[in-house]
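Take a look at the structure below.
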């Protein structure tokens, strides 16, 4: 049942036992829906995630960037143009949004991260200057949301899978 084609409501996820929630705004859910790999020739897509952090206990993802024309994309590979990422971070920071992680698509119904996906977000966390507990990794599959989304919070040592709160 593909309700996500017509439903672009915000999605909310529990952040472990923290009593905080991650919220994917309507705009972000629509962006993910637009880039799903629905056809056999669809290329992987991806980008960065930006949130307004002042709204605690909710962390609201208000912007998802990408894909860029300079990214490397195939059916099963997405490699972002790293030189384009810092200018995006600077641009959205001036608008009050903070970089909080990355997203990309997979051509699978219910997505799971590859070893390189997990290592990439871990390296980003370790090599970035920030004061966050972890960076988000969101993988967009082809199934209706939320089952077609993999969402986790990642730091140098661990990964916490987030669970969608039924609406």
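Since every read-out is calculated from the coordinates, none of them should be taken as a lab result. Keep in mind that what you see is a predicted model, and the values were worked out from it rather than measured. Counting neighbours? That spans all protein chains shown, and the Cβs are built from the backbone with ideal geometry, glycine included.
Of all DSSP-defined beta bridges confined to the chain, some 75% are antiparallel rather than parallel.
For the chain, what is the convex hull volume of the alpha-carbon atoms per residue, in Å³?
Details: hull volume 18.8 nm³, N = 167.
That works out to 112 Å³ per residue.
Between 130, 104, 31, the Gaussian network model of the chain with springs among Cα atoms under 10 angstrom shows the greatest mean-square fluctuation at 130. Of 84, 144, 51, the residue with the greatest mean-square motion in the GNM of the chain, using alpha carbon springs below 10 Å, is 84. As a proxy for reagent exposure, 24, 97, 149 were ordered by neighbouring Cβ count within 10 angstrom, fewest first; the result is 97, 149, 24. Helical runs assigned H by DSSP (4 residues or longer) give the chain a calculated mean residue ellipticity at 222 nm of -6500 deg cm²/dmol, each run adding -39500 (n - 2.57) before division by the residue total.
Only Cα pairs under 8 Å and 6+ residues apart enter the sum, and on that basis the relative contact order of the range 14-132 stands at 27 percent. Translational diffusion of the range 113-160, estimated by Stokes-Einstein from the Kirkwood radius over alpha carbon pairs at 20 °C in a medium of 1.002 mPa s, is 190 µm² per second.
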